[in-house]
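Step one of this worksheet: look at the structure below.
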């Protein structure tokens, strides 16, 4: 998986917020709630958040196998325990510091599954509530990436044209910010 990642996304680690810089030409951001509201406050708003996440995920991955990549952040280089359905992929030193107590490691775990609408709703709710972060959902070829965050999702596609088609289908979910943030 690491070799495939390096071929498809060279020069960038599998960290969602870092992809936007080098891959801006295939990136689009969708907001999870109307008027760019960041956090859902009731079940009606959670339904909107999950509908938006799942609509885009369906368009990207319907009927395909996906990797759901979920990181664990630690101050230790040792791989922490993980969920039984996810395998350890790799660890990255994100914040190097001469003092070991201030180093930050990013341990990535990946679960491969057949994409079905709603299959990761619990995880997406945790992302929306900022209980977990930096989740990536990608097809088995690592060509398309959905990076949900609390407030929306960054999506990376294969070409600027594919990005534009997806962006145009969901234009009411875009930010009014000039940079698309």
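The residue list 158, 132 contains one member that is touching a residue at least 12 places away in the same chain (Cβ under 8 Å), under 17 Å from the mean Cα position of the chain (by Cα), over 22 Å from residue 45 (Cα atoms) and part of a loop (DSSP other than H, G, I, E, B), which is 158.
Flag not set for residue 93, criterion: closer than 25 Å to residue 29 by Cβ and either touching a strand residue (DSSP E or B) at 6+ places or on another chain (Cβ under 7 Å) or outside any loop (DSSP other than H, G, I, E, B) (or both).
The single condition from (1) under 18 Å from residue 173 (Cβ atoms); (2) in a helix (DSSP H, G or I); (3) in contact with a helix residue (DSSP H, G or I) (Cβ under 6 Å, 6 or more places away or on another chain) that residue 28 fails is (2).
Within the range 104-126, not a single residue is part of a strand (DSSP E or B), surrounded by 12 or more Cβ atoms within 10 Å (Cβ to Cβ), in contact with a helix residue (DSSP H, G or I) (Cβ under 8 Å, 6 or more places away or on another chain) and at pLDDT 95 or above.
Considering only the range 151-165, I want to know if a residue exists there that is surrounded by fewer than 19 Cβ atoms within 10 Å (Cβ to Cβ) and at pLDDT below 95. Scanning the range 151-165 turns up no residue that is surrounded by fewer than 19 Cβ atoms within 10 Å (Cβ to Cβ) and at pLDDT below 95.
Taking the range 127-150 as the range and being at negative phi, surrounded by 18 or more Cβ atoms within 10 Å (Cβ to Cβ) and in contact with a strand residue (DSSP E or B) (Cβ under 6 Å, 6 or more places away or on another chain) as the test, the residues that pass are 127, 135, 136, 137, 138, 145, 146, 147.
The values are calculated or read from the model by the stated rules, or taken from the named source; none is laboratory data. The structure displayed is predicted, hence computed values, not measured ones. FYI the Cβ positions are ideal-geometry reconstructions off the backbone, even for glycines, and counts take in every protein chain you see.
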